[in-house]
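No lab work stands behind these numbers, since they all come straight from the coordinates. Please read these numbers as outputs of a predicted model, since none were measured by experiment. Heads up, the Cβs are rebuilt from the backbone with ideal geometry, glycines too, and the neighbour counts pull from every protein chain shown.
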Amino acid sequence: MSWLAVAVGGALGSIARHAVNQWTRNYLFPVGTVAVNVFGCLLIGLVAGLIAERRIDLPVHWRQFVFTGLLGGFTTFSTFGLDTFTLARTLSSRYAALNVGLQVAGGLFAVWFGYRVGSMPH
C-alpha cells in the first residue's frame, strides 16, 4: 500500500509542479521554482505542525502519500526545509547549518561537476 500511496502522490505532485512551471515560464527569474519551493515548505510545515499538535491523525500510508509522494513530487526542497527545521529544533543549530551547507554547496558542486562531465568533448 505504501508504494502505491507514494506513486500516486508523486504523480500528482509532479503534475502540480509542471503546471506551476508552465504558468510562470515567461519570467526571466525562475519564479516557478521559487513558488513551488516556498509553497511546498509552507505545506509540509503546516501538515507537520498539525500532526505534532495532534490536530490531525494521518495513518502511515496517508503520511507517505502526502510527505514522500505529493510533496516529494512537487518539491523535495520542502523535505530539506523540514529536515533543517527539525535539526534546529531537536538537536542544534549547528547541525541545521551543517545540513544547509552540505546540501547547498554539495548540490551546486554536483551540478557543476555533472555539467563539466556531460559537456566534455567526445
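Under the rule of -39500 (n - 2.57) per DSSP H run of 4 or more residues, summed and divided by the residues of the chain, what mean residue ellipticity at 222 nm is obtained, to the nearest 500 deg cm²/dmol?
Numbers: 5 runs with 88 residues, N = 122.
Only helices count here, giving -24500 deg cm²/dmol.
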Legend entry - Entry for P(r) over Cα pairs in 10 Å bins from 0, in percent (calculated from the structure that is shown) out of (i) 11, 37, 24, 14, 8, 5, 1; (ii) 15, 52, 31, 2; (iii) 13, 31, 36, 17, 3, 0: (iii)
Inset, instruction - Working from Cα positions, state the angle (0 to 90°, nearest 10) between the long axis of helix 2-23 and the longest principal axis of the chain. - result: 50 degrees
Inset, instruction - State, to one decimal in nm, how far the label point of residue 31 lies from the label point of residue 113, with both points 7 Å from Cα in the Cβ direction. - result: 3.6 nm
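For residue 89 and residue 60, calculate 0.36 nm times their separation in residues minus their Cα-Cα distance, and state this gained length in nm to one decimal.
Values: separation 29, 0.36 × 29 = 10.44 nm, distance 2.31 nm.
My answer for the length gained is 8.1 nm.
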Inset, instruction - Any chance you could give the angle, 0 to 90 degrees and rounded to 10, that helix 77-90 forms with the longest Cα principal axis of the chain? - result: 60 degrees
Inset, instruction - Run the numbers on the range 2-76 and let me know its relative contact order in percent, using alpha-carbon pairs under 8 Å that are six or more apart. - result: 63 percent
